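What follows is a set of notes on a single structure, which appears directly below.
Computed from the coordinates by the stated procedures, all read-outs in this text should not be read as laboratory data. Owing to the predicted nature of the structure, the values given are computational and were not obtained by experimental measurement. Virtual Cβ from ideal backbone geometry, glycine too; neighbours counted across all protein chains shown.
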Amino acid sequence: MDKKSLPKHIISRSSGSIQTVVYGLLFLIFLAIAAVFAFEASYMERVIYVRYWHFIAAGFFAFIIPHILFPVARIGWLQSLNPKPKSLRNMQLSELFPIFWIFTASYFILAFFAPAGWSADLAEKSRLFGEAALFFIGLFIYAYYRYSIIGKRSQEWSEGKRGASFLQNMAKIGQSSATPAGMYPTFGATAGIASLGMILVVFNAWLGAQIGVFSIIVYVLFLGYAIMKLQSATRIFDRHLYQTSSFYDELFRNPSGYLSGDREPLKAENVYWVPNALKASVWAVLSQLDRRLPFGRVMILLVLMLWTLFYAGLSLFVIQGLILAVIIVKNATIFLTASSRISPLGFNYSLHSVTTWCFVRFFANLRWVLPLFLGLATVSLFSARFTFYDSLIWAGIDILTALLFAVVSTLSHEGKYTSRYA
């Protein structure tokens, strides 16, 4: 059975409205940032900005793929219908196409956008876009390949068949980790994808200074290697898919999937900023969100990125655009909780009214307001361009955005209960 024969509701992964909102926001954010970079930029500045975008793409695809693809929705239907391995591969790739096109459009804007006219330096811009496309498509395929085959190795780490000596040695020196053992292959894939992508960009830049346009061979070889690896895995892709989906299903849904002595999930008493009446519900929402998309490390990276950009002397207008993008992205994650898989509609409605759920998601969104504020306030201590008053303004914008997204996500989910069942 090929992909065209599969019922549409099996191919579709999740709630169309929530998915469309999230992808739409990402599309607008990425294109706006790319347009700000490309605005009146010279050709050489565009080359530098495209390399920056390569770094962003390498870091983004290094961690986002398992959160988009796994666990596979309606896995039982797929196993019953038993489509061909190639059809399963293509079905999963189609789930990543929105992200693929968001980055493709961003590269196009970086290469060509110019208010005075797009035709200036057209040949050079076209070559820049073509070279960027080779790198990005290769990165996209390679990252997908690494995560699509990770299930077997992750399960072996979870069962102690791999990595046992490493974990025992770490425990002996007092460095035992609170991380589930099965997550180590994922960490390896994340580090490997990001590092390889960034090294290739740096090597391509160095080689370009030596041999000029022929440095494109680096990205051509990378793309060929990625295609070859994915093609080699296609023959038994069904096995890879089911193993990987099974592992991430256990990891994302089972809070007790930690080894003995490992850290526990977020505790209710740690939700210190929430009124007592809402504390249990906010804790439940954050616990579900952490299993689906752990955001702590992402926030640390985003704050470090902002510090780096301030230190590098980037235009304040550009940095302000990036701060706004960070605020939108971190608050938009609350849309992940507005789905039946995480928040059963009838159960939620029996607990609280729609208004109360708006406040629950609002307080859940406030989780990262203080860390971002402190990160920006720290900048004000060392930068004359950014004051403490500016950090207060951005904290206010963050809180208003948290409220807006909480209301919209709740109305799109719990708000539909009466229209569906009344």
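Each part gets one Cα centre, and for the stretch 28-69 versus the stretch 195-238 those centres are 18 Å apart.
Within 10 Å, count the other beta carbons around each residue, average over each peptide in 139-151, 206-218, and list them highest first.
On the way: 139-151: 23.7, 206-218: 12.8.
Output ranking for 139-151, 206-218: 139-151, 206-218.
The Trp101 and Leu370 beta-carbon pair, evaluated with R₀ = 35 Å, returns a calculated FRET efficiency of approximately 0.50. The slack in the chain from Trp273 to Ile68, taken as 0.36 nm per residue of separation less the alpha-carbon distance, amounts to 70.8 nm. Label-to-label distance for Arg235 and Leu207 is 2.9 nm, based on points extended 7 Å past Cα in the beta-carbon direction. The label point for Ser126 and the one for Thr378, both projected 7 Å from the Cα toward the Cβ, are 4.7 nm apart.
Amide hydrogen proximity for Arg162: with H placed 1.01 Å from N in the peptide plane, the residues at 5 or more positions away or on another chain lying under 5 Å are Trp157.
Where in the stretch 325-339 is the amide nitrogen less than 18 Å from a point lying 7 Å along the Cα-to-Cβ axis of Ala32? Flagged as within label range: 325-335. Consider a paramagnetic label point 7 Å from the Cα of Ala191 along Cα→Cβ; state which residues of the stretch 54-72 have an amide N under 19 Å from it. Under cut-off, by backbone N: 58-66.
Taking Cβ atoms as reference points and 15 Å as the exclusive limit, the residues near Leu221 contribute a net charge of 0, counting Lys and Arg as +1 and Asp and Glu as -1.
Full-extension gain between Ala164 and Leu316, please, as 0.36 nm times their residue separation minus the C-alpha to C-alpha distance.
Full-extension gain reported as 49.8 nm.
Given in Å, the Rg to one decimal and the Dmax to the nearest whole number for the Cα atoms of the stretch 265-422 are 17.2, 58.
Once fully extended, how much extra length lies between Ala41 and Met198, figured as 0.36 nm per residue of separation less the alpha-carbon to alpha-carbon distance?
Extra length from Ala41 to Met198 when fully extended: 54.2 nm.
Note on Ala280 and Lys84: with the Förster distance fixed at 35 Å, the Cβ-Cβ geometry gives a FRET efficiency of about 0.15. Sequence-ordered 3J(HN,Hα) estimates for the stretch 368-380 from the Karplus curve with 6.51, -1.76 and 1.60 and θ = phi - 60° stand at 9, 5, 5, x, 5, 4, 5, x, 6, 5, 4, 4, 5 Hz, glycine and proline given as x. Rounded to the nearest whole Hz, the Karplus-based 3J(HN,Hα) values (6.51 cos²θ - 1.76 cosθ + 1.60, θ = phi - 60°) of the stretch 42-57 follow the sequence 6, 4, 5, 5, 4, 4, 5, 5, 5, 5, 4, 5, 4, 4, 4, 4, with x at glycine and proline.
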